[in-house]
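Read through the structure below, which is laid out as structure tokens, and then see the notes.
The values are calculated or read from the model by the stated rules, or taken from the named source; none is laboratory data. What you see is a predicted model, and the numbers here were worked out from it, not measured in a lab. Glycine also receives a Cβ, built like all others from the backbone with ideal geometry; neighbour counts cover every protein chain displayed. Accessible surface areas use protein heavy atoms only, side chains included; no ligands, DNA or RNA. Shrake-Rupley method; radii C 1.70, N 1.55, O 1.52, S 1.80 Å.
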Amino acid sequence: MFERLNAPKQDPILGLTLAIMADQRSDKMDLGIGVYRNAEGATPIMAAVRQAQREQAENQTTKSYIGLAGNETFNSALIDLLLADTAAHSRAAGIQTPGASGALRMLAELIKSARPDATVWISNPSYVNHRPVMEAAGLKVADYTYFDVATKQVNEAAMLDQIATLGEQDVLLLHGCCHNPTGADISLQAWQRIAELAEQQGFLPFVDIAYQGFGDGLMEDAAGLRLLADRLPELIIATSCSKNFGLYRERTGAAIVVGHTLEESLKAKGRILEVARGSYTMPPDHGAALVAAILGRDDLKTLWMDELTVMNQRINHLRAELVRQFRDRSDSDRFDYFGEHRGMFSVTGLGNEHIDALRVEHGIYMVGGGRMNVAGLAERDIPRLVDCFLAVGA
Ligand SMILES: Cc1ncc(COP(=O)(O)O)c(C=O)c1O
């Protein structure tokens, strides 16, 4: 049966992981894999998660099934985290999914059911899985202008001009904050303009927010999304607890639907649950149970928010140090973009020849396209990183 299958393409991130493991140099730097690392280079279990986990191990009495939508306390808590006090809050329905990846796929299936001919517009560039996940649901995918490699910023004027041409058959996929891969986010004015255009033109905004709390803070990072939620009749959201709760492997996320009325949102939720029944049926419980426990108790929530703030400050401190040391050593301000970007990543604009030279000559690993995981850096490595960038002609 399987003899006619083509050999699978190697996953680029997996290939990078294997190459890093095989590299014997003690000063190698992994700036490829998209995980947060602390100053010691570890991706630790957060203290609030550890405590919730301990309590769960002692108190949980059953592993019986929960239900297609997963943990409803978790679903409500994530709706609160993103939409509390917005006009959309009372109309929102949530479904626990296996990570934001699961949410992206479930929402893609929802779009396919509701608007089979829809085109999903993704930023150029975008998160590497956006296109394949949307296409796997049978949707058309097109790019909108986003990153300007010369300025390392978003070309908002060109982006908004293009968005102004979208209509009712279109879905606009936006990154809530901390754009992956570029690190360049849109301004609040651009979010405002997108809300006006969505009202005028009738396209559906689809916000993927995978890094809430990694940019400028929990509320600040959701400001654009909340602005849309206050104004628009319809909105869909994919959200993740992989990064901000450090629950990567526990596959914890949610799909949130906001319709004209709660009744409509619940109909959409029901449609997603039918699709889920036809695939994984129910999401894994562990991560969602921990998040529900943390967000449901003041002491655990405070512990979590404090640690998230420390992580956020570390990333922004590394960004400030990159700017300072690049300025000192390059005698130019051309690396200031590190300080303007937000979240874990920055697209450096380095070509393949630079990326290859950094890997081969210096043991510095980044993914193709020049994305650097700033959140994977150790502060003590910044002087060498800067020297190596300049040595390869960056
Ligand atoms: C923009 C974006 N969306 C979704 C995801 C998927 O996250 P999860 O691990 O929750 O599936 C990621 C992960 O890197 C991401 O960067």
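Tabulated values for the structure
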{"read-out": "Of all DSSP beta bridges in region 65-296, antiparallel share, percent nearest 5", "value": "45"}
{"read-out": "Cα→Cβ-extended label distance, 7 Å offset, between residue 263 and residue 23, nm", "value": "5.9"}
{"read-out": "Of all accessible heavy-atom area on the chain, the percent that carbon and sulfur account for (1.4 Å)", "value": "51"}
{"read-out": "Stretch gain in nm, segment residue 89-residue 331, where the contour uses 0.36 nm per residue and the Cα spacing is subtracted", "value": "82.2 nm"}
{"read-out": "Label zone at residue 140 (point 7 Å along Cα-to-Cβ), backbone N below 18 Å, region 83-108", "value": "108"}
{"read-out": "Extension reserve of the residue 13-residue 61 stretch, reckoned as 0.36 nm per residue once the Cα distance is removed", "value": "13.4 nm"}
{"read-out": "Positive-end residue of 7, 213, 190, charge dipole of the chain with Cβ unit charges", "value": "7"}
{"read-out": "Neighbour-limited loop hits for chymotrypsin sites (Phe, Trp or Tyr not before Pro), region 280-372 (at most 16 other Cβ within 10 Å; DSSP other than H, G, I, E, B)", "value": "280"}
{"read-out": "Trypsin sites (Lys or Arg not before Pro) within region 45-93: DSSP coil, no more than 11 neighbouring Cβ in 10 Å", "value": "63"}
{"read-out": "Dipole-positive endmost among 106, 120, 282 within region 65-296 (Cβ charges, Cα centre)", "value": "282"}
{"read-out": "Whole-Å distance, taken between Cα centres, linking region 256-308 and region 111-131", "value": "22"}
{"read-out": "FRET efficiency for residue 384 and residue 187, using Cβ-Cβ distance with R0 set to 35 Å, rounded to 0.05", "value": "0.55"}
{"read-out": "Cα centre as origin, Lys/Arg/Asp/Glu Cβ charges: region 65-296 dipole, Debye", "value": "620"}
{"read-out": "Amide H partners (placed H, <5 Å) of residue 121, local residues excluded", "value": "142, 171, 172, 173"}
{"read-out": "Lys, Arg +1 and Asp, Glu -1 on Cβ, resulting dipole of the chain about Cα centre, debye, nearest 20", "value": "840"}
{"read-out": "Region 99-232: C-alpha gyration tensor shape, a/c 1.5 cut-off, then a/b vs b/c", "value": "rounded"}
{"read-out": "Rounded if a/c under 1.5, otherwise prolate or oblate - region 1-118, Cα gyration tensor axes", "value": "oblate"}
{"read-out": "FRET efficiency for residue 361 and residue 6, using Cβ-Cβ distance with R0 set to 51 Å, rounded to 0.05", "value": "0.90"}
{"read-out": "Gain on full stretching of the segment that runs from residue 309 to residue 50 - 0.36 nm per residue minus C-alpha separation", "value": "91.5 nm"}
{"read-out": "Where the chain is the region considered: accessible area per residue in Å², 1.4 Å probe", "value": "45"}
{"read-out": "Rounded, prolate or oblate (a/c below 1.5 giving rounded, otherwise prolate when a/b exceeds b/c) for region 307-356 by Cα gyration tensor", "value": "oblate"}
{"read-out": "Sparse-neighbourhood loop sites, GluC sites (Glu not before Pro) in region 28-101 - DSSP loop, at most 15 other Cβ within 10 angstrom", "value": "40"}
{"read-out": "Listed pairs 243/301; 140/243; 112/269 exceeding 18 Å between Cα atoms", "value": "140/243"}
{"read-out": "Per-pair calculated FRET efficiency, R0 = 35 Å: residue 230 and residue 340 via Cβ, rounded to 0.05", "value": "0.85"}
